[in-house]
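In what follows, a single structure is set out as structure tokens and then discussed.
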């Protein structure tokens, strides 16, 4: 287990909160609540870094970002790297 996980704010939350199902209003509200927990987390950066560096990107909210947001972040990062050449 990564050392940062013990200090994660999500340790006190329902794990299901970070894995919304669907795209409707309920799932979006759940996603926002998960992000609220992440905003106040002392280990948000290592959590996000972990999600971004796993060979199979994890589902759910990690480091305050959804799967789609993390994919977008990776694409932008690759584009910037390509532009620098």
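Within the set 16, 2, the sole residue that is more than 15 Å from the chain's Cα centre (by Cα) and without any contact (Cβ under 8 Å) to a residue 60 or more places away in the chain turns out to be 2.
Once the range 44-68 is narrowed to residues that are closer than 20 Å to residue 3 by Cα and surrounded by fewer than 13 Cβ atoms within 10 Å (Cβ to Cβ), the residue that is farthest from the chain's Cα centre (by Cα) is 55.
One line per residue, one yes/no per condition, for (1) in a helix (DSSP H, G or I); (2) touching a strand residue (DSSP E or B) at 6+ places or on another chain (Cβ under 7 Å):
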site	(1), (2)
51	yes, yes
57	no, no
60	no, no
69	yes, no
77	yes, no
80	yes, no
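In the range 19-43, which residue that is under 12 Å from the mean Cα position of the chain (by Cα) and free of Cβ contacts under 8 Å to residues at least 24 places away in the same chain is surrounded by the fewest Cβ atoms within 10 Å (Cβ to Cβ)? Among residues in the range 19-43 that are under 12 Å from the mean Cα position of the chain (by Cα) and free of Cβ contacts under 8 Å to residues at least 24 places away in the same chain, the one surrounded by the fewest Cβ atoms within 10 Å (Cβ to Cβ) is 32. When 29, 34 are screened for being farther than 22 Å from residue 6 by Cα and either in a helix (DSSP H, G or I) or modelled with pLDDT of 90 or more (or both), only 29 passes.
The values are calculated or read from the model by the stated rules, or taken from the named source; none is laboratory data. Given the structure is predicted, the values throughout are model-derived calculations rather than measurements. Cβ coordinates were reconstructed from backbone atoms using ideal geometry, including for glycine residues, and neighbour counts include every protein chain displayed.
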